[in-house]
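Presented below is the structure to which this report refers.
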Amino acid sequence: MDNEDVLRDNSPEIKEILILADEISENMEQSIKINKPSLNGERYLNNKQVCDILHISPRSLQDYRDKGRIAFYKLEGKILFAESDVYKMLEDNYNKSWVQ
């Protein structure tokens, strides 16, 4: 084996591998944050996640809860929403366009 065949820390190949490893690590961290584990096939969302999905403020979400527009769970002060309930609320409030 030649001395020239040995890769060094500063070689372009090693640098590229390290950059790709960093990208993979970042992608995995993002995936873990986004894809929460489910319970019996159901994902449960917190206030911020529901607000992001619906593009509403936390106060609007509170109003939806107070008026019974969206189902939720309250466990020792922690509010959770079943993801399917959020999408069901959207479907139930869908208004089809009457203009063709």
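How many of the residues in the stretch 49-72 are in a loop (DSSP other than H, G, I, E, B) and touching a strand residue (DSSP E or B) at 6+ places or on another chain (Cβ under 9 Å)?
Final tally of qualifying residues: 3.
I want to confirm something. Restricting to the stretch 50-75 and keeping residues that are charged (D, E, K, R) and over 20 Å from the mean Cα position of the chain (by Cα), which single residue is nearest to ASN40 (Cα to Cα)?
Top of the filtered list is LYS74.
Give me a count of the residues in the stretch 76-100 that are exposed (fewer than 14 other Cβ atoms within 10 Å of the Cβ) and over 13 Å from LEU45 (Cα atoms).
Residues in the stretch 76-100 being exposed (fewer than 14 other Cβ atoms within 10 Å of the Cβ) and over 13 Å from LEU45 (Cα atoms): 14 in total.
I'd like to verify a number: residues in the stretch 1-48 that are part of a helix (DSSP H, G or I) and modelled with pLDDT under 75, how many?
Of the residues in that region, 6 qualify.
The values are calculated or read from the model by the stated rules, or taken from the named source; none is laboratory data. As the structure is a prediction and not an experimental result, all values here were calculated from the model. Every residue, glycine among them, receives a Cβ derived from its backbone with ideal geometry; neighbour counts consider all protein chains shown.
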